[in-house]
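See below for the structure under consideration.
The values are calculated or read from the model by the stated rules, or taken from the named source; none is laboratory data. Because the structure is predicted, anything quoted here is derived from the model rather than measured. Note that each Cβ is placed from the backbone with ideal geometry, even for glycine, and that neighbours are counted across all protein chains shown.
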Amino acid sequence: MQPLEGRVIAVTGAAGGIGRGIAQAILEAGGRVALLDLPGAKLDEAAAALGAGERVATATADVTDAASLEAAFAEIVAKTGRLDGLVNNAGVVRLGPADAMKASDIDLEMAVNVKGVLLAAQAAARRFGAEGGAIVNIASNAGKVGYPNMAGYNASKAAVINLTRSLSLEWAARNINVNAVCPGGVATDMLKSVADFIVGGDKEKSDEMMKAMVPHQLGRHIQPIEVGRVVVFLLSDTAKIIRGQSITIDGGDTPY
Ligand SMILES: NC(=O)c1ccc[n+]([C@@H]2O[C@H](COP(=O)([O-])OP(=O)(O)OC[C@H]3O[C@@H](n4cnc5c(N)ncnc54)[C@H](O)[C@@H]3O)[C@@H](O)[C@H]2O)c1
């Protein structure tokens, strides 16, 4: 029996790089997956790329908006008949020095990366069956060590780490297991935007910078599917003894 056989897992931000890898890993583990993202995001393209037909459902939602999440989870359960897990993957980063940071930038990072995790978790947990469920939040190693020009992002991801502990404690009695992962540099558009920022937008230098931004011990970028496979483990019954944790998956860059 595969670890997620018979289960339906929703993934937010699923049209993006890591979201697609997580969806792929869920399918690989025998599960069905519901892809959620903003209206206008490339959800159909993501679903088609997975090539898994009826094992994939899609719904649009803005994770900062409770009503849109409620509607999306109702649609998912209507399409799939159940919900067993949630991966809170939607996220944004705004880059720049802290002393010039706009209030609107940190507002957006907190709204999507922190409030969005809570609202989506609430909406999903209401749809879990009597047997409970599992939630995995995609935090970041930036929530443990912090990086320059990412003050709002660092703060938002640190908040996700402690929100994970709170939800784990409060929802244990409902048999809902809540953990997080803290990836490092994963080869996606988000990491490319960081490379672009560091070199001031020069395309050639940005490609070089992207190549240099690899975990040193690993010597290559982490791929989205690799993040997905750790997430699958945390969604599985094997991980029931791991609770409220935020596991660093950055190829060894962050030593805790
Ligand atoms: N790429 C990395 O190196 C890295 C490292 C650590 C953590 N992360 C985290 O992993 C997650 C995925 O990042 P990614 O690299 O795939 O980025 P990405 O930009 O490729 O994907 C992010 C997705 O989130 C969606 N999204 C944004 N705002 C939303 C909202 N309000 N409601 C619903 N969806 C929304 C976007 O449409 C997009 O599809 C993020 O939480 C990010 O902070 C990424």
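Odds and ends about this structure:
- Between LYS79, LYS102, LYS115, the distinction of being surrounded by fewer than 24 Cβ atoms within 10 Å (Cβ to Cβ), within 17 Å of the chain's Cα centre (by Cα) and of a type in the set (D, E, K, R) belongs to LYS115 only.
- In region 29-43, the residues that are within 13 Å of the ligand (Cβ to nearest atom) and among the charged types (D, E, K, R): ASP37, LYS42
- Scanning region 24-38 for residues that are crowded, with 17+ Cβ neighbours inside 10 Å and in a helix (DSSP H, G or I) gives GLN24, ALA25, ILE26, LEU27.
- SER156 being surrounded by fewer than 16 Cβ atoms within 10 Å (Cβ to Cβ), of a type in the set (S, T, N, Q) and within 16 Å of the ligand (Cβ to nearest atom): no
- Residue check, ILE18 buried (at least 24 other Cβ atoms within 10 Å of the Cβ), away from the ligand (no atom under 15 Å from the Cβ) and modelled with pLDDT of 95 or more: no
- Taking region 110-151 as the range and being free of Cβ contacts under 8 Å to residues at least 40 places away in the same chain and within 21 Å of ALA172 (Cβ to Cβ) as the test, only ALA130 passes.
- Of all residue pairs spaced 6 or more apart or on separate chains, those with beta-carbon atoms under 8 Å, a first member in region 88-101 that is farther than 24 Å from ALA41 by Cβ and a second member that is of a type in the set (D, E, K, R) and in a loop (DSSP other than H, G, I, E, B) are MET101/ARG94.
- Failed condition for MET209, given (1) under 19 Å from ILE138 (Cβ atoms); (2) touching a helix residue (DSSP H, G or I) at 6+ places or on another chain (Cβ under 7 Å): (1)
- Meets criteria (buried (at least 18 other Cβ atoms within 10 Å of the Cβ), on the phi < 0 side of the Ramachandran plot and within 12 Å of the ligand (Cβ to nearest atom)) for ASN141: yes
- Failed criterion for VAL181 (all others in (1) within 10 Å of the ligand (Cβ to nearest atom); (2) more than 16 Å from the chain's Cα centre (by Cα); (3) in a strand (DSSP E or B) hold): (2)
- Remark: pairs (first residue in region 230-256, in a helix (DSSP H, G or I); second residue of a type in the set (Phe, Trp, Tyr); Cβ separation under 9 Å; 6+ apart in sequence or on different chains) = ALA239/PHE233.
- Some residue of region 200-223 being within 12 Å of the ligand (Cβ to nearest atom) and of a type in the set (Asp, Glu): no
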